[in-house]
Amino acid sequence: MRAIAVVDGQASIRYVEVPGADPPLVWIHGLVCSSTGELMPAALQPPLRGRRSLLVDLLGYGYSDKPDAFSYTLEDHAETVVKLLEALDVDRCALIGHSMGGTVATLVAAARPASVAALVLAEPGIDPGGVLAPGIAEQTEDDFAERGFTEFLTGMRTAAAENPKAPPASHIGITQLINPRALHRVSVSVMRGTQPTIRSLLRELDLPRFYLGGENSDQALSPQDDLTATGMVWMTVPNSGHAMGLMNPDGFAQTVAAALGSASV
């Protein structure tokens, strides 16, 4: 576990580095998880063995600092990742973003396109909105921090008790580490979207781009003509739903490795 100060020396992002060959794979997690908790199992699978990975917990999540004063917008999350890459002198990498992390990864790629060898997005937020963000964002921040977050965790515990083998049983240990105010603020940002939009950025980025959808996921999008026309490639993660890092880490790793191989990364 390593730390890099990213907010005026007042807050640090923490990440786990898996040693291996460059360029590194930079993993960015989704709305209610962490890279060290949900994405590490994929990074350690045989298809990616020997590759250097940096598993980043965004501010407010996992092992990273959780300052109440930080904005937690998508744009500011992306800025902290850029600062991390600059501090580590990473001049070439592949970005792997899951769900909301795909949105953040796209913003990082737009800020540093010459440094990104490939952009691999696992069911990313291409357009404003999402599955969990609306229910969180419609509450006030104080209400969510004081009651809503506890109710959210209670729902996960109930689901875990009903089916101990389902993703919530593993996921709740990751989710309960999140700063509730961080989760609310980024949910509001997800609902608002970015300018330029993520969809427009994906159309314009001149680098290898991949969309990974779970075979069994209701959230997986069908290939979209405006993006495939610009060369974005759709791929399927077998035997998986949205929480692919927990549901089928080997299949997730195989699909990431195939994407990187096709891009010669």
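The values are calculated or read from the model by the stated rules, or taken from the named source; none is laboratory data. This is a predicted model, so every value here is computed, not measured. Cβ: placed from backbone, ideal geometry, glycine included. Neighbour counts: every protein chain shown.
Has the stretch 201-220 got any residue that is in contact with a strand residue (DSSP E or B) (Cβ under 6 Å, 6 or more places away or on another chain) and basic (Lys, Arg)? Checked the stretch 201-220: at least one residue is in contact with a strand residue (DSSP E or B) (Cβ under 6 Å, 6 or more places away or on another chain) and basic (Lys, Arg). Put simply, of LEU85, LEU55 the only residue that is modelled with pLDDT of 95 or more, under 14 Å from the mean Cα position of the chain (by Cα), closer than 21 Å to ALA21 by Cα and surrounded by 22 or more Cβ atoms within 10 Å (Cβ to Cβ) is LEU55. Is there a residue in the stretch 171-178 that is surrounded by fewer than 16 Cβ atoms within 10 Å (Cβ to Cβ) and at pLDDT 95 or above? Yes: the stretch 171-178 contains one or more residues that are surrounded by fewer than 16 Cβ atoms within 10 Å (Cβ to Cβ) and at pLDDT 95 or above. Taking helices (runs of 4 or more DSSP H) as the structural unit, those lying wholly within the stretch 200-265 and holding at least 3 residues that are in contact (Cβ under 8 Å) with a residue 12 or more places away in the chain and either out of contact with any helix residue (DSSP H, G or I) (no Cβ under 9 Å at 6 or more places or on another chain) or over 20 Å from GLY37 (Cα atoms) (or both) correspond to 249-262.
Picking from THR80, THR140, THR103, THR73, which residue would you name as being within 17 Å of the chain's Cα centre (by Cα) and closer than 16 Å to HIS184 by Cβ? Only one candidate qualifies: THR73.
Looking only at the stretch 26-52, which residues are under 20 Å from ALA117 (Cβ atoms) and buried (at least 24 other Cβ atoms within 10 Å of the Cβ)? Hits for the stretch 26-52 are VAL26, TRP27, ILE28, SER35, LEU39, ALA42, ALA43.
Looking at GLU17 and the list (1) surrounded by 18 or more Cβ atoms within 10 Å (Cβ to Cβ); (2) part of a strand (DSSP E or B), which single condition is not satisfied? Every condition holds for GLU17 apart from (1). Is there a residue in the stretch 90-98 that is more than 15 Å from SER115 (Cβ to Cβ), touching an Asp or Glu at 6+ places or on another chain (Cβ under 8 Å), at pLDDT 95 or above and buried (at least 23 other Cβ atoms within 10 Å of the Cβ)? There is at least one residue in the stretch 90-98 that is more than 15 Å from SER115 (Cβ to Cβ), touching an Asp or Glu at 6+ places or on another chain (Cβ under 8 Å), at pLDDT 95 or above and buried (at least 23 other Cβ atoms within 10 Å of the Cβ). Taking the stretch 62-87 as the range and being under 16 Å from LEU31 (Cβ atoms), assigned to a helix (DSSP H, G or I) and among the charged types (D, E, K, R) as the test, the residues that pass are GLU75, ASP76. Scanning the stretch 20-47 for residues that are assigned to a helix (DSSP H, G or I), among the polar types (S, T, N, Q) and touching a residue at least 60 places away in the same chain (Cβ under 8 Å) turns up just one, SER35. Checked across the stretch 143-160, the condition of being in contact (Cβ under 8 Å) with a residue 40 or more places away in the chain, surrounded by fewer than 24 Cβ atoms within 10 Å (Cβ to Cβ), of a type in the set (D, E, K, R) and over 24 Å from MET1 (Cβ atoms) holds for no residue.
Among all residues of the stretch 37-59, there is none that is among the polar types (S, T, N, Q) and within 18 Å of ARG181 (Cβ to Cβ).
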